[in-house]
Structures are given as C-alpha cells and as structure tokens.
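Quick notes on the structure that follows.
The values are calculated or read from the model by the stated rules, or taken from the named source; none is laboratory data. Computed from a predicted model, the values in this text were never measured in an experiment. Heads up, the Cβs are rebuilt from the backbone with ideal geometry, glycines too, and the neighbour counts pull from every protein chain shown. In case anyone asks, the SASA skips ligands and DNA or RNA and just uses the protein heavy atoms, side chains included. Shrake-Rupley method; radii C 1.70, N 1.55, O 1.52, S 1.80 Å.
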Amino acid sequence: MRILVVGTGGVGSAFAAIVARRSFLEHCALADYDHARPAAVADSLDDGRFSAHRIDASSREAVVDLIRVTRPDAVLNAVDPVFNVPIFDACFQAGVTYLDMAMTLSEPHPERPFELTGVKLGDYQFERAPEWEEKELLALVGIGVEPGAADVFARHAADELFSEIDEIGVRDGANLVVEGYDFAPTFSIWTTIEECLNPPVVWERDRGWHTTEPFSEPEVFDFPEGIGPVECVNVEHEEVLLVPRWVECRRVTFKYGLGDEFIQVLKTLQRLGLDRKDPIRVKGVDVAPRDVVAAALPDPATLGERMSGKTCAGTLVTGLGTDGKPRKTYLYHVVDNDWSIREYGAQAVVWQTALNPVVALELLDAGAWSGQGVLGPEAFPARPYLDKLAELGSPHGVLELEP
C-alpha cells in the first residue's frame, strides 16, 4: 500500500516508525509545512520506502497536487483538526481513501451552549457521506486510540460480550510524569484546549445528543496495570458522536482523567482569553492566542525521554452479558512510556495514537476491512482489529468489574 501522511509531529513520526516494520507498506510519503521535519524522520528510518515533502495543509489545492505527485492509496491526516476540511475535501477531489484521528471541529450552540449542541464534531464530514458513497470512496474518521481503538472495543462488546448495553463510557487515565516541567501536556495543547473547554457532549437514546458544563459529572475510576484511581470528568470527544451511529445502547459518555491542576490551568487560560482561535493584533502582527500558548509550551513529541509512567485508553461497558446477567467490563489498551521510547523512540501517548491507523490501513490493504462513505471504526468488524493488535504485541485487555 502507498500512503501519504500529512503532518510529521509526534503522531506522524510515531506512525512512520511503526509502519516501517510492516511488510504491507510499499511507500510512505511524509509531508509537513517545514520540510526539515519529514526529512529528519525519513533519514532516521533509513528506509527507501519513505520520502519527504513540503505541504501547506491549509490549502486543498496543495494537498491535491501532492496526492497527484505521490500517488497514494490512502492519505492519513496527522495534523491538528483545524486542517481537516481542506485535507478531507482534497481526498474526495483526488479520489483516494482518507483517514483521520480527530474529526472536523465543533461550534457551540450560540444561545444555550451547555444544553444543546451547535455544530457537532464530524458534522461537516457526515453531511458529505452520501457524496463519498456515491463516488465509492472511503473516509475512515476517528481512527486513533480515542477515538479509534476505544470505538472498536465498543463494537466488540456489542458483538461478542453483551446481549444488551446500557452505557458505553470511554475512560482515559494515566500516571505519566514529565520531569523538569511544572506544566507539560503530553499531547497537542491546541487539541487539548479544544476538547476540554468546549461543552462536553453526551448521547442518550431518549434525548439524542446534548451538552453539559465542562468538567461535569466527576467520578473516580480505578485504572488497571498499576495506574490506579484517577478522577475523570466529561470532555467533548468523538466517540460520543460515533458510537451511537453503529452500536445499540442507551447512553454514551467520554470522561478524561485530567487532574485538578490541569483543569485549573485550562480554566485560567479560558479566563484570560488565551484559548481563543481567532487572531488578535499584537504589535502589528495577527496572532491567535491559542497558537501562542502552543508555541510557549514544549513540543509533546520531544518529551519522551523526560516522561515516565503509563497511559490507558479504554471503554467501560455496562449492561447484560450474553448469559442475560448484569455485566460491567472495561476493555482497555495500556502503553508504558519506557517501553515505547525503548522500542520506537516515541513517547507513550503519541505512540498509542499512531498505532491504530497502522492497524486500520493494514486491514484495508488485506481486505479484512472495506466500505464506502464516511465511516467510523464501529462500522467495521472488531475481531480482525483485535487479532492484529495481538499480532503486534500491543498490550490490551479486558477487565471484569462488579456490576
């Protein structure tokens, strides 16, 4: 398979390191606004199947031109979701498979943001699903770890573990520590601000999609593999927009283990207006406050050697088991930072995210997954995906809890 990766930050670089070990890869074109970044990744791999290119991801025409030059079977969008629309539209125009790990952005309801949804995550993409289906093209959206693996876990639970599902609740937690920094997010701060300060979305069968206050419904969840109890709160995330489209259940939530200190920092950024995306004029220069925050913080891709601990992504499912008895199961994926650094040179959070598009692309190449239109991971059978995770030696498991 020939792949074009747009973006060679932490996740794009980790993707390259993982896919380099897979025999299904024929060629991988790595592209970024700064040509030095993909060039450095390609040089470090010392593999003739990789090439480096410069691209302006904000330009649909530029993406189309690079697709025509590199001739990929699929394009992986590995940049911040602010660039999703031009990359998504370029793939449609060029007639190639599209994958991303975060869907097109949302916009809060203008009058009742903490009750009603406005523009939801992925609305732009799903509104164009009939056109993709008519053109017999596939856009596989939300195929990182969350969303991505967490959605596959929900599909697996519905197909093989439960006869009736009450709630599907994604729960994300970690005990990662970054030495030498008072505040150093382990993932893109631009994306973190977006998902944590927007109104969280909850789905209920009788009510549909609705919103709540940021950081609402706190609960302590005891994460496996030695991570332990972490307080989790509601956060806007794609799983809530994806799971109900394909998995029968009564309620879907997403809760993130942020910690009180992280929440307070985010609230402070919001109060100061530093979470804003719209540019403001500063000494004759137009700059978005959020971009300034991102530039002032360390690049998450460079933190691996300073990090220690584990990160856990998983899906908590409650309902009735296949035997008709109450069941509560946590299906999870854990990565130890020491291991991911040692094996791939990538810190745990970005490695965990990058692994899943590799699995999906390999399944698409083999024909184990196929489809047309705009589809989430839940639209595909879970078993081939789980088998591929096992083949890759990726640590995941199923934790039975007291109903």
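Projecting each Cα onto the charge dipole of the chain (Lys/Arg +1, Asp/Glu -1 at the beta carbon, about the Cα centre), which of C91, L269, A78 comes out farthest on the positive side?
Comparing the listed Cα positions along the dipole, C91 ranks first.
Build a GNM of the chain with springs between Cα atoms under 10 Å: which of I87, I280, I143 gets the top mean-square fluctuation?
I280
How big is the accessible area of S216 in square angstrom, nearest 10, if you roll a 1.4 angstrom probe over the protein chains?
20 Å²
Apply the Karplus curve 6.51 cos²θ - 1.76 cosθ + 1.60, θ = phi - 60°, to the phi angles in segment 35-43 and return the couplings in whole Hz, x for Gly and Pro.
In residue order, the calculated couplings are 4, 5, 5, x, 5, 5, 5, 4, 5 Hz.
Distance between Cα centroids, segment 83-109 to segment 1-22: provide it in whole Å.
Each part's Cα centre sits 18 Å from the other's.
How big is D, in µm² s⁻¹, for segment 204-346 by Stokes-Einstein at 10 °C and 1.306 mPa s if Rh is the Kirkwood radius over C-alpha pairs? Spell out each step's value before the answer.
Working: Rh = 18.6 Å.
Using the Kirkwood radius from Cα pairs, D works out to 85 µm²/s.
How large is ³J(HN,Hα) for each residue in segment 85-99, as worked out from phi by the Karplus curve 6.51 cos²θ - 1.76 cosθ + 1.60 (θ = phi - 60°), to whole Hz, x for Gly and Pro?
Using θ = phi - 60°, the values come out as 4, x, 6, 4, 5, 5, 5, 5, 4, 7, x, 10, 5, 10, 9 Hz.
Sorted by accessible area (1.4 Å probe), largest first, how do D56, D100 line up? It would help to have the intermediate numbers written out before the result.
Details: D56 55, D100 0 Å².
Largest accessible area first, the list is D56, D100.
Leaving ligands, DNA and RNA out of it, report the carbon-plus-sulfur percent of the accessible area of segment 11-163 at a 1.4 Å probe.
46 percent
Restricting things to Cα coordinates, could you compute the convex hull volume per residue of segment 28-116 in Å³?
In segment 28-116, the Cα convex hull volume per residue is 117 Å³.
A129 versus L272, label points 7 Å from Cα toward the beta carbon: distance in nm?
So the two model labels end up 4.1 nm from each other.
Determine the calculated [θ] at 222 nm for the chain from helices alone, applying -39500 (n - 2.57) to every DSSP H run no shorter than 4 residues and normalising by the residue count; nearest 500 deg cm²/dmol.
-10000 deg cm²/dmol, from helical runs alone.
At a Förster radius of 56 Å, what calculated FRET efficiency corresponds to the Cβ-Cβ distance of L320 and V285, to the nearest 0.05?
Computed FRET efficiency for L320 and V285 comes out at 0.40.
Which part of segment 158-197 falls in the paramagnetic zone of S44, meaning amide N under 18 Å from the point 7 Å along Cα-to-beta-carbon?
Answer for this model: 186-188.
Quote to one decimal, in nm, the extra length available between H109 and S23 on full extension: 0.36 nm per residue of separation minus the C-alpha distance between them. Provide the component values of the computation, followed by the final result.
Values: separation 86, 0.36 × 86 = 30.96 nm, distance 4.66 nm.
In short, 26.3 nm is gained.
Between A366 and A295, what length comes free when the chain is fully extended (0.36 nm per residue of separation minus the Cα-Cα distance, one decimal in nm)?
In short, 21.5 nm is gained.
Figure the gain on full extension for L399 and S51 (residue separation times 0.36 nm, minus the Cα-Cα span) and round it to one decimal in nm. Walk me through the numbers on the way to the answer.
On the way: separation 348, 0.36 × 348 = 125.28 nm, distance 4.17 nm.
So the extension gain works out to 121.1 nm.
Among S340, V282, L258, flag the residue with its Cα farthest along the positive direction of the charge dipole of segment 247-403, charges on Cβ as +1 for Lys/Arg and -1 for Asp/Glu.
Result: V282, furthest along the dipole toward the positive end.
Would you mind getting me the FRET efficiency between L392 and V119? Use the beta-carbon distance for r and R0 = 30 Å, nearest 0.05.
That gives a FRET efficiency of 0.25.
So, with a 1.4 angstrom probe, what is the percent of accessible area on segment 192-312 that is carbon and sulfur?
48 percent
Taking only protein heavy atoms and a 1.4 Å probe, what accessible area per residue, in Å², does the chain have with all protein chains in place?
Values: 16550 Å² over 403 residues.
Value returned for the chain: 41 Å² of accessible area per residue.
Identify the residues of segment 171-195 with backbone N under 19 Å of a label point that sits 7 angstrom from the Cα of R306 along the Cα-to-Cβ direction, or state none.
What the label zone holds, given the 19 Å backbone N cut-off, is 175-193.
Rounded if a/c is under 1.5, else prolate if a/b beats b/c, else oblate: with a ≥ b ≥ c from the C-alpha gyration tensor eigenvalues square-rooted, which is the chain?
Verdict is rounded for the chain.
Counting Lys and Arg as +1 and Asp and Glu as -1, what is the net charge of the other residues whose Cβ lies under 14 Å from the Cβ of L274?
Net charge around L274: +1.
Out of P289, P214, P377, any idea which swings most in a Gaussian network model of the chain, alpha carbons joined below 10 Å?
In this elastic network of the chain, the residue with the biggest mean-square fluctuation among P289, P214, P377 is P289.
For V220, what accessible area in Å² do you get when you roll a 1.4 Å probe over the heavy atoms of the protein chains, rounding to the nearest 10?
Using a 1.4 Å probe on the heavy atoms, I get roughly 100 Å².
Using only the heavy atoms of the protein chains and a 1.4 Å probe, how would F254, F83 rank by accessible area, largest first? Don't skip to the end; give the middle numbers.
On the way: F254 5, F83 70 Å².
Heavy-atom accessible area, descending, gives F83, F254.
Taking the full set of protein chains and a 1.4 angstrom probe, give the accessible area of I341 in square angstrom, rounded to the nearest 10.
30 Å²
How would T268, T8 rank on accessible area, largest to smallest, probe 1.4 Å?
The ranking, largest first, comes out as T268, T8.
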